[in-house]
Amino acid sequence: MVQANSLNLATLSEGAEKCLENAERLFKDARTLAGNGSYSTAVFLYQSSIEECAKIDLIGRWATSLLGGAAIDAAKLKKSLSAHRSKNNANAYDLKPTQAELLARSAGNWDAARSEFAKTQLDFRDESMRLRNAALYVDFRDGTFVAPQDIVPSATAAALEKFNMDHIHAKRGMVALLKRWLDNPAHGHDEITNF
């Protein structure tokens, strides 16, 4: 078990790197499955890869806290990295803002903008979990059993492939930033405190 005092920038940077490597592997496997017509299983792996990408953002937030002088609670870190909710909430930040959120922002109504974003997070989280379950499990709907391959179309797999690819590309930047901070923690600390 990792103790709080052993959590340092090197550990976080290494963790982010491993998450990226795993996200890329899951993405590659999903593409192979989609190419062979196994869209539902591909969707599950794309979803898993997207959640691995979210871990990189979460690790980046913990690293930012660490550079800012805060201690890291290993139990809280572990919980945030394992909860689908926190990973899907993190991924919602990569979505385009809704029209309602944009209108609230432009009016300077930050409470309404936050409220609209919270709705987006909830909708994204619910849809992600619905799709994840639909991609894996036989369901009973309207008096009949339906298999994942009957309800997950190729278009869903194609859309998730694009979303997943964009996430992997963006998270490479976060991994590089963590390495840069690891190479020069004082500069990282200065960036955080100046921000």
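The values are calculated or read from the model by the stated rules, or taken from the named source; none is laboratory data. Quick caveat: nothing in here was measured; it's all calculated off a predicted structure. Methodologically, a virtual Cβ is constructed for each residue, glycine included, from the backbone with ideal geometry; neighbour enumeration extends over all protein chains shown. Protein only, heavy atoms only, side chains kept; ligands, DNA and RNA dropped before computing areas. Shrake-Rupley method; radii C 1.70, N 1.55, O 1.52, S 1.80 Å.
Which ones in the range 51-96 are among the charged types (D, E, K, R), within 26 Å of E116 (Cα to Cα) and either open to solvent by less than 70 Å² (accessible area, probe 1.4 Å) or not in a helix (DSSP H, G or I) (or both)?
Answer for the range 51-96, where residues must be among the charged types (D, E, K, R), within 26 Å of E116 (Cα to Cα) and either open to solvent by less than 70 Å² (accessible area, probe 1.4 Å) or not in a helix (DSSP H, G or I) (or both): E51, E52, K55, D57, K87, D94, K96.
What pairs come up if the first residue lies in the range 90-101 and is touching a residue at least 60 places away in the same chain (Cβ under 8 Å) and within 16 Å of I56 (Cα to Cα), the second is aromatic (F, W, Y) and surrounded by 15 or more Cβ atoms within 10 Å (Cβ to Cβ), and their beta carbons are under 8 Å apart, counting only those six or more places apart or on different chains?
From the range 90-101, the pairs are N91/F124.
Determine which single condition G108 fails, assuming it passes every other condition in (1) more than 25 Å from T156 (Cβ to Cβ); (2) in contact with a Phe, Trp or Tyr (Cβ under 7 Å, 6 or more places away or on another chain).
(2)
Just for the range 102-134: of the residues that are free of Cβ contacts under 8 Å to residues at least 60 places away in the same chain and among the basic types (K, R), which one is nearest to I56 (Cα to Cα)?
Only one residue tops the list, namely R125.
Quick check on A112: is it open to solvent by 40 Å² or more (accessible area, probe 1.4 Å) and in a helix (DSSP H, G or I)?
No.
Just give me the residues in the range 185-195 being of a type outside the set (V, I, T) and surrounded by 12 or more Cβ atoms within 10 Å (Cβ to Cβ), in sequence order.
P185, H187, G188, H189, D190, E191, listed by residue number.
Considering each residue of the range 138-150, count those that are part of a loop (DSSP other than H, G, I, E, B) and open to solvent by 60 Å² or more (accessible area, probe 1.4 Å), and give that number.
2
If you check A159 against the conditions, is it farther than 28 Å from T32 by Cβ, among the aliphatic types (A, V, I, L, M) and out of contact with any Lys or Arg (no Cβ under 6 Å at 6 or more places or on another chain)?
no
I'm checking my understanding of the structure. Among residues of the range 151-161 that are in a helix (DSSP H, G or I), at pLDDT below 95 and not small (G, A, S), which one is surrounded by the most Cβ atoms within 10 Å (Cβ to Cβ)?
Looking at the filtered set, the residue picked out is L160.
On the basis of being within 23 Å of I56 (Cβ to Cβ), touching a residue at least 40 places away in the same chain (Cβ under 8 Å), out of contact with any strand residue (DSSP E or B) (no Cβ under 9 Å at 6 or more places or on another chain) and not acidic (D, E), does R180 make the cut?
It is false that R180 is within 23 Å of I56 (Cβ to Cβ), touching a residue at least 40 places away in the same chain (Cβ under 8 Å), out of contact with any strand residue (DSSP E or B) (no Cβ under 9 Å at 6 or more places or on another chain) and not acidic (D, E).
Determine which member of the set L177, L182 is within 21 Å of the chain's Cα centre (by Cα) and either buried (at least 16 other Cβ atoms within 10 Å of the Cβ) or hydrophobic (A, V, I, L, M, F, W, C) (or both).
The unique qualifying residue is L177.
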